[in-house]
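To keep things clear, I will list the structure first and then write my remarks on it.
The values are calculated or read from the model by the stated rules, or taken from the named source; none is laboratory data. No experiment lies behind these values; they were computed from the predicted model shown. Every residue, glycine among them, receives a Cβ derived from its backbone with ideal geometry; neighbour counts consider all protein chains shown.
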């Protein structure tokens, strides 16, 4: 005879059900109606119910967390309103990942091969810097790689690779992410500033539009990219119609650049040594993007730029921005270690405000006629960009 109780009995033990009832009551009273900016309060509640939550996380009040004790969040994770985390077993979300509105992380299902439809569950892992866009569904047992983007409305039925854009039902990879992973680890031992792959870095997202516009307005035809790294920025300038050349001391970067962009000349050269003769006095512009902060002797960069430029040529330089409010914000949020990369060989060793960068440029013979801050609102900008005209 058909045993209907096999279908109607609870799927979870009494202790689990009582625990969820207590969480649901606390959630309804203390979590759901808390003001949106009260992220610390909601993180406190989740931790009290067993969640492991890193600093800076933002779980919004209309997000649905089924079992906080099975939730593991890294640093600065965002779970938006109406996102649902169904986690009878562990769901782990890495640093800086985003779960958008209406996304559904489904950590369990039922065994359809049995007429009893018993519950089955498997953990879900979302990598660092990943983004699960609005109304996407991630099924149980899935691993989404670091930096992976899951398009809106997608249904993820298998693991998705790192640094890729994935969409559809079923979800599939449509293209790789154009990001260079030079800073994917904060502790790097190396004999040079090492590069892992081709592609623009995150900083280029807000630097390239400004730099390209300035060079276009100046009607630049020839440009030398000092500290070209993996050559991706040099390639962007070449694609904009300029005759671009790159120079760097990083052998890993030059190998990637020469292999990826064989139509562009790339040269090996140390910033402290004079330029080769064929690179002297031949360029309308020099670009040095996020380079000077790595130099023990930053004046060397200006000397190489003077050697490369024709009379009246321009230098466009970018570096991480530092100012009073930015430094104060970094201190208050305890972000200096992450910002400075102290464990990385050949990492940041010089830190410039607008005043100190302009002073150094003027001392080295460049009349600064343009300055911009990019990446955020000006007081908290990520980078400062200057343009100087060679005056001597």
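Yes or no, residue by residue, for (1) at pLDDT below 95; (2) in a loop (DSSP other than H, G, I, E, B); (3) not assigned by TED's automatic domain parsing to the domain that holds residue 100:
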{"site": "11", "(1), (2), (3)": "yes, yes, no"}
{"site": "16", "(1), (2), (3)": "yes, no, no"}
{"site": "19", "(1), (2), (3)": "yes, no, no"}
{"site": "36", "(1), (2), (3)": "yes, yes, no"}
{"site": "43", "(1), (2), (3)": "no, no, no"}
{"site": "47", "(1), (2), (3)": "no, no, no"}
{"site": "55", "(1), (2), (3)": "yes, yes, no"}
{"site": "62", "(1), (2), (3)": "no, yes, no"}
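Entry remark, the range 23-34: residues being out of contact with any helix residue (DSSP H, G or I) (no Cβ under 8 Å at 6 or more places or on another chain) and without any contact (Cβ under 8 Å) to a residue 24 or more places away in the chain number 4 in total. Restricting 314, 349 to residues that are in contact (Cβ under 8 Å) with a residue 40 or more places away in the chain and outside any loop (DSSP other than H, G, I, E, B) narrows the list to 314. For the range 352-392, the set of residues classified as without any contact (Cβ under 8 Å) to a residue 12 or more places away in the chain and either within 13 Å of residue 326 (Cα to Cα) or touching a strand residue (DSSP E or B) at 6+ places or on another chain (Cβ under 6 Å) (or both) consists of 376, 377, 378, listed by residue number. Inspection of the range 118-127 identifies no residue that is without any contact (Cβ under 8 Å) to a residue 12 or more places away in the chain, in a strand (DSSP E or B) and surrounded by fewer than 19 Cβ atoms within 10 Å (Cβ to Cβ). The single condition among (1) modelled with pLDDT under 95; (2) surrounded by 18 or more Cβ atoms within 10 Å (Cβ to Cβ); (3) over 21 Å from residue 348 (Cα atoms) that residue 283 does not meet is (1). Scanning the range 66-102 for residues that are in a loop (DSSP other than H, G, I, E, B) and over 21 Å from the mean Cα position of the chain (by Cα) yields 66, 67, 81, 82, 83, 87, 88, 89, 90, 102. Within the range 197-228, the set of residues being in a loop (DSSP other than H, G, I, E, B) and under 18 Å from the mean Cα position of the chain (by Cα) comprises 197, 198, 199, 200, 201, 202, 203.
Scan the range 361-371 for residues that are assigned to a strand (DSSP E or B) and either more than 29 Å from the chain's Cα centre (by Cα) or outside the structural domain of residue 298 (by TED's automatic domain parsing) (or both) and the total you get is 4.
Just checking, does the range 317-336 include any residue being within 20 Å of residue 214 (Cα to Cα), part of a helix (DSSP H, G or I) and without any contact (Cβ under 8 Å) to a residue 60 or more places away in the chain? Within the range 317-336, none of the residues are within 20 Å of residue 214 (Cα to Cα), part of a helix (DSSP H, G or I) and without any contact (Cβ under 8 Å) to a residue 60 or more places away in the chain.
Residues checked against (1) assigned to a loop (DSSP other than H, G, I, E, B); (2) surrounded by fewer than 16 Cβ atoms within 10 Å (Cβ to Cβ); (3) in the same structural domain as residue 315 (by TED's automatic domain parsing):
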residue: 342; (1), (2), (3): yes, yes, yes
residue: 359; (1), (2), (3): no, yes, yes
residue: 373; (1), (2), (3): no, no, yes
residue: 386; (1), (2), (3): no, no, yes
